[in-house]
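K.L.:
Pasting in a structure now, in structure tokens, and then I'll have a few things to ask.
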Amino acid sequence: MYGRRPFLLVLAAALSGCSLIPTQSTSQSSSLSLTIQNESSSPTDVTVTVTDADETVIDEETDRLDGSVGRTFDFTVTERGRYTVTVSGIDWKTEQTWDTETCASYSATVRFTDDTLENSGECVQPR
């Protein structure tokens with residue numbers, strides 16, 4: 001016979017909004033967290049553009065990053081599909097593509113100096 005403690009534990013979890021049954025997210029949205037690190041000694045204007053598979057601009061931001069300063073940009077797309085994030089400076093450009101069908105959250109990093117450009121990314125929450 002079951003005691004009152006397991007029942008009270010389940011009741012407390014239910015009342016607090018917790019679910020004891022794992023659920024799979026059915027959300028169509030996907031997030032992108034992009035960190036840009038200016039490791040040069042001078043300020044640089046950067047433009048971040050997110051486009052869909054048809055090359056339609058979903059979002060675009062421009063910012064000036066001082067030397068040795070980084071900034072994180074967060075974007076959310078609401079439809080599933082392939083998206084591209086392009087990061088560009090005055091004389092350089094790099095891009096990454098992620099598929100929201102298989103990735104609910106993508107993390108990317110762009111680092112640049114006066115002479116080098118590094119670009120990396122990974123799906124941090126697969127669907």
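K.L.:
Would you point out the residue of region 14-41, among those that are farther than 30 Å from GLY89 by Cα and under 21 Å from the mean Cα position of the chain (by Cα), that is modelled with the lowest pLDDT?
P.N.:
Applying the filter and picking the extreme gives GLN24.
For (1) modelled with pLDDT under 95; (2) under 13 Å from GLY121 (Cβ atoms); (3) over 16 Å from the mean Cα position of the chain (by Cα); (4) open to solvent by 40 Å² or more (accessible area, probe 1.4 Å), each residue gets a yes or a no:
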site: THR47; (1), (2), (3), (4): no, no, yes, no
site: THR51; (1), (2), (3), (4): no, no, no, no
site: GLU55; (1), (2), (3), (4): no, no, yes, yes
site: LEU65; (1), (2), (3), (4): no, no, yes, no
site: SER68; (1), (2), (3), (4): no, no, yes, yes
site: ILE90; (1), (2), (3), (4): yes, no, yes, yes
site: LYS93; (1), (2), (3), (4): no, no, yes, yes
site: SER105; (1), (2), (3), (4): no, yes, no, no
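K.L.:
Is it the case, given these coordinates, that THR86 is within 18 Å of ASP52 (Cα to Cα), in contact with a Phe, Trp or Tyr (Cβ under 9 Å, 6 or more places away or on another chain), hydroxyl-bearing (Ser, Thr, Tyr) and open to solvent by less than 40 Å² (accessible area, probe 1.4 Å)?
P.N.:
Against the criterion (within 18 Å of ASP52 (Cα to Cα), in contact with a Phe, Trp or Tyr (Cβ under 9 Å, 6 or more places away or on another chain), hydroxyl-bearing (Ser, Thr, Tyr) and open to solvent by less than 40 Å² (accessible area, probe 1.4 Å)), THR86 does not qualify.
K.L.:
Filter region 62-85 down to the residues that are over 16 Å from ASN38 (Cα atoms) and not basic (Lys, Arg) and list them by number.
P.N.:
Within region 62-85, ASP74, PHE75, THR76, VAL77, THR78, GLU79, GLY81, TYR83, THR84, VAL85 qualify.
K.L.:
Take ARG80 and tell me if it is open to solvent by 20 Å² or more (accessible area, probe 1.4 Å) and in a strand (DSSP E or B).
P.N.:
Considered against the rule, which asks whether it is open to solvent by 20 Å² or more (accessible area, probe 1.4 Å) and in a strand (DSSP E or B), ARG80 comes out as no.
K.L.:
Which residue pairs have Cβ atoms under 9 Å apart, sit 6 or more places apart or on different chains, and have a first residue in region 47-68 that is on the phi < 0 side of the Ramachandran plot and among the basic types (Lys, Arg) and a second that is part of a strand (DSSP E or B) and at pLDDT 95 or above?
P.N.:
ARG64/THR44; ARG64/ASP45; ARG64/VAL46
K.L.:
Does ARG111 fit the bill of being free of Cβ contacts under 8 Å to residues at least 60 places away in the same chain and assigned to a strand (DSSP E or B)?
P.N.:
Taking the combined requirement at face value, the residue does not satisfy it.
K.L.:
Scan region 35-57 for residues that are part of a loop (DSSP other than H, G, I, E, B) and either in contact with a His (Cβ under 8 Å, 6 or more places away or on another chain) or β-branched (Val, Ile, Thr) (or both) and report the count.
P.N.:
Qualifying residue count, region 35-57: 1.
The values are calculated or read from the model by the stated rules, or taken from the named source; none is laboratory data. Only a predicted model underlies this, so the values are computations on that prediction, with no experimental measurement involved. Here the Cβ is made from the backbone with ideal geometry for all residues, glycine too, and neighbour counts use every protein chain on show. Side chains are part of the model used for accessible areas, which takes the heavy atoms of the whole protein and leaves out ligands, DNA and RNA. Shrake-Rupley method; radii C 1.70, N 1.55, O 1.52, S 1.80 Å.
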